[in-house]
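Take a look at the structure set out below.
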Amino acid sequence: MASNRWNKVVLIFFLCLAVSPYALAKAKAKAKAKLKAAQNVTENVSVAQEASVPEAKPEEKKEEFAGEFFGIKVPLSNYYFVKGALIVFGNRWGAPPETPEETEKCVWDQLLLSFEAFRRGIVVDDEASMVEIDKMLEANQVTFNRQKDQDSYVKWVK
């Protein structure tokens, strides 16, 4: 069940990344809130499990980092997420990267934009996101209505 929710969050996140860096900040904040809520549930379950089974101990995961901005570490998972979105949706703010170095630069540019939008509390409302999604679909000359034919829309996104 949590995996299904996470898939929805990731899908929304990919769409927002393709829409604008501001939408990315909004999706990131929502995803962070949902992740925090999921972590609270997980912690409660872990506490209950520890109470009922004393030998059960949660496994510690050491998070890896791709780099840092201004002394703040960038999780490797964020790096790979942005890189994947760039590969899937392309670079909406410039020429498509042609070399591995250009791809790397685009990824870090997007990570920096996302970080700054999050730091400044920049958010985009749902209506503006939907307008940008419609523009993106029109630019890609899709032949379906995403609101009426959600199956086609889901296939297109994948």
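A few remarks follow.
- Amide H contacts of residue 142 (H built 1.01 Å from N, in plane; Pro and chain starts excluded): no residue 5 or more places away or on another chain comes under 5 Å.
- Over 29 Å apart at the Cα level, from the set 83/135; 73/105; 62/155; 105/148; 135/158, are 62/155; 105/148.
- Here the simple spin-label model places points 7 Å from the Cα toward Cβ, and for residue 127 and residue 105 these points are separated by 3.9 nm.
- In order along region 100-111, the Karplus-derived 3J(HN,Hα) couplings, from 6.51 cos²θ - 1.76 cosθ + 1.60 at θ = phi - 60°, round to x, 5, 5, 4, 4, 4, 4, 4, 5, 4, 5, 4 Hz, and Gly and Pro are given as x.
- Taking amide H as placed 1.01 Å from N in the peptide plane, residue 65 has its amide H under 5 Å from the amide H of 76, each at least 5 places away in sequence or on another chain.
Only the coordinates and a few stated rules stand behind these numbers; no lab work does. All values reported here derive from a predicted model rather than from experimental measurement. With ideal geometry, Cβ positions are generated from the backbone for all residues, glycine too; neighbour counts draw on all protein chains shown.
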